[in-house]
Structure formats: C-alpha cells, structure tokens
1. Tell me the residue from Leu242, Leu219, Leu248 that is under 17 Å from His122 (Cα atoms), touching a helix residue (DSSP H, G or I) at 6+ places or on another chain (Cβ under 6 Å) and crowded, with 18+ Cβ neighbours inside 10 Å, please.
2. Answer with yes or no whether Thr156 is over 20 Å from Pro239 (Cβ atoms) and at pLDDT 95 or above.
3. It is to be established whether one or more residues within segment 319-338 are without any contact (Cβ under 8 Å) to a residue 24 or more places away in the chain, in a helix (DSSP H, G or I) and within 22 Å of the chain's Cα centre (by Cα).
4. Kindly state which helices (runs of 4 or more DSSP H) lie completely within segment 1-95 and contain at least 1 residues that are hydrophobic (A, V, I, L, M, F, W, C), more than 22 Å from the chain's Cα centre (by Cα) and surrounded by 15 or more Cβ atoms within 10 Å (Cβ to Cβ).
5. On the basis of being farther than 19 Å from Val198 by Cβ, touching a residue at least 24 places away in the same chain (Cβ under 8 Å) and in contact with a Gly (Cβ under 8 Å, 6 or more places away or on another chain), does Ala40 make the cut?
6. List pairs: first in segment 97-110 and closer than 12 Å to Gly230 by Cβ and at pLDDT 95 or above, second part of a helix (DSSP H, G or I) and among the small types (Gly, Ala, Ser), Cβ under 6 Å, 6+ apart or cross-chain?
7. If I go through segment 168-188 residue by residue, how many of them are of a type outside the set (Gly, Ala, Ser) and part of a loop (DSSP other than H, G, I, E, B)?
8. Restricting the search to segment 288-318, which residues are free of Cβ contacts under 8 Å to residues at least 40 places away in the same chain and more than 20 Å from the chain's Cα centre (by Cα)?
Amino acid sequence: MTETSGPRLAPWVGPANAVLGLADPLLRAASRFPVLQRAAGLDDSGEDAGFLDGMRTLHEHIQAADLTPMGRIAMRMEVGRRLTNRRRVRAVLRARPELVDSPVARPVFVTGLPRTGTSLLHGLLGHRTGARAPMFWELLHPAADGAEAAARRFSTRMLAGLYYAMMPAMRTIHPLAATEPEECVFLLPHNGVHLTRVPMPGYRSWYDRHDFTPDYAYLKRQLQVLQRDGAPQWVLKSPCHLGHLDALLDVFPDAVIVMTRRDPVAALASWCSFCEATLRMHNHRVDLAGIGRTWLDFWTRAADRAGAVRRDTGADVVDVDYADLVADPVGSTAAIWERAGRPLSAADRDALAAFAGRDRRRAPGSHRYTLERYGLDEATVRAAFAGSAVAP
C-alpha cells in the first residue's frame, strides 16, 4: 500500500477552538465531576456507588488529557449524558418494576476485530421478523419515550451533522445516522471507544483490570427499558465485546455470539485511520505511532481473551468470514439464523436482499489507509495475530 495523508479536520475547527479557548477556565470548572454528578441527580450511596466510582476514574483521566476546547466540551457531554441516563433508566424501572423481570431472550452479539464487516452484519441480522438492532438515538437516550423521543431523534441528527462537519472524512470512514443501528457500546459505561477519542494510558491500565460483569448487567437493564413496549430479539454489535465474552455470557447465558473474521492487516490499518480521525477531533496533538502501538496491543489482548473463553467454556460461537459476507450477505445471514434456530421466512429473505442492495448502492467512497503511517508493518501484525481467534 502507498503512503497516504491522514484524515483532516474542517478548516473552521481551528478558529472555533481558538475562540472557545478563551473560556477554557470556565469549561474546566463546568466539567468537574461533582458538577456533573449533581446535575445528573446521582449520589454515592446504594446501587450507583460502583457505577460512579468507575465513571469518576474515567473522568479523572479525561480531565488530565490535552484536549482541545471542543474536545473538552464533547467529553463533558459524554460523561454527563451517561450519568443522567443512569438516573433516568433507574426512574423508568422504578415506575415499571415488572420490566426488571422481563427476559432479554437469546440476544445476538456481533463482534470481531473492528472494520471486519460487523456493521454490515449488524444491519443484516436486524432485518429478520421479530429481531431488532437499537438505533443510534436510542443508544444515546434509552429512557426517552413519547414526545421526547422525537426531540431526541432530532438532537441526535444534529450531533451526527456536527460529526461530519468537523471531520468530513467520517462520511467514508464511519457513516452515522440517528435512525440507523449503531454499536451498543453507548450503553456500556466502559468501553474501548473512550480510548479512540482520548489517549489515556492510565485509564487503559484500569480498563484491563476492570470486571465488566456490572457493565453488562447495566446493558441488560437498559435493554429492558428499551423493550418496554414489546420485547424483540435484540441484535447488538461491538468489536469491544471481543475482550469481555466471559462477562457477557455471565449476564446473557443464552446469547448467540457471532464473530467476524478478516485479514488483520487490513482491519488494523483501517481502524488506526478511524482512531486518527476521532483523536484529531478531540485533542491538540496526535501521536501516529502511538495509535499503532496502542491498538495492536489492545486488539491482540482482546483476541487472546476471546480465544481463551472459547476454549475454556465451549461457548457456541458462529464464525463469519468477511469475504463470504461481502460475496453473499443474504446467504451468510441466513446461515447464522439457521444456526441460532431461527430460520428465515421467504419474506425475511426478500427484506434482507432489499437491504443488502440498498447498502451496496449507498456505500461511501474509498477510505485510504496504510499500516506504515502508524509505525506498523504487515509482518508485525501478522505475527501478533497468528493463530488468533479472529484471524481468517
């Protein structure tokens, strides 16, 4: 692959950060954790204590990072939203206690290395009758209902528009829409996506030691809120599940795990390019070689953990090759549902074919990337993933 330039911020972002920088002391004061906690209406007692401890740890590392003013505002909103959602989800469950006992039956979790077809497969699997993939706006605002839902859809559309306005390359790298399926990491308090926005070695060390069982238990509670008007078979997706299959299966023992496989060289190069874009949106400086080191280590560890869970538990995992998925999306999806004991109807197959056709027609332009830009090479990456649970 030839060397390429990286993703670039829109020209207006620099001047906007310069103006916002004049208010940096106010931004820092407004971003203090006690301020966010009080605004969310949470206290350190009872069921929220562990959640708050973890969010406080995340917040401390965010505050110490070299964020731009726009990055600081974005991360303040991120932490604040998660705190507020915690209170609102709890309020829904208090008002409707029967939801706590509503089953989240046989959920499907799509995982694998990033940039390996997980988004395509997520959308395809959600087109079976009775199945549903949560939409981006729902993941940001799981407790919203009724008239509020329309307002939240609108605000999420505005957020996606800002995302593209700041970094136009994101239309190609990671298309985002309020009413399209998105990763369920937005429902997990802790996930690798935080690290795509802010380089936080200390948080990464904490993350590697963290017990994710409470995170998945909270994911289940939010799904119970989202299914308050009727329970679908949930189709969920995130590469971040790869490193936490043990916690996931503790909370969702009947889950269907679907693991995508693709050449890790292509997958990691594409992921590093995505991370460069998101880091540039939030930080003053970006360490390109640091991106390569960080994410090669992150994903090899996650793949090793996934392999250990498969060996130790005999977990029933459906493997999907990226090339097969791209060549025959309908057939690949049908085979997964057959394996899960939910064969597709003729109408389901027609809906899948229509979706696959639309997805191909609206596919964005070329996303160019190289490993070398991030201080990596093919031999290093292939050696790191040799024999891995995610290698094709």
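The values are calculated or read from the model by the stated rules, or taken from the named source; none is laboratory data. These numbers come from a predicted model, not from an experiment. With ideal geometry, Cβ positions are generated from the backbone for all residues, glycine too; neighbour counts draw on all protein chains shown.
1. After applying the criteria, what remains is Leu242.
2. Yes.
3. no
4. 13-20, 24-30, 33-40, 69-95
5. Spelling it out, Ala40 is indeed farther than 19 Å from Val198 by Cβ, touching a residue at least 24 places away in the same chain (Cβ under 8 Å) and in contact with a Gly (Cβ under 8 Å, 6 or more places away or on another chain).
6. Correct list of pairs: empty, since none qualify.
7. Step one: of segment 168-188, the residues of a type outside the set (Gly, Ala, Ser) are 168, 170-176, 179-188.
Filter once more, keeping what is part of a loop (DSSP other than H, G, I, E, B): 168, 174-176, 179-180, 182-183, 188.
So the answer is 9.
8. Hits for segment 288-318 are Ala308, Arg311, Asp312, Gly314.
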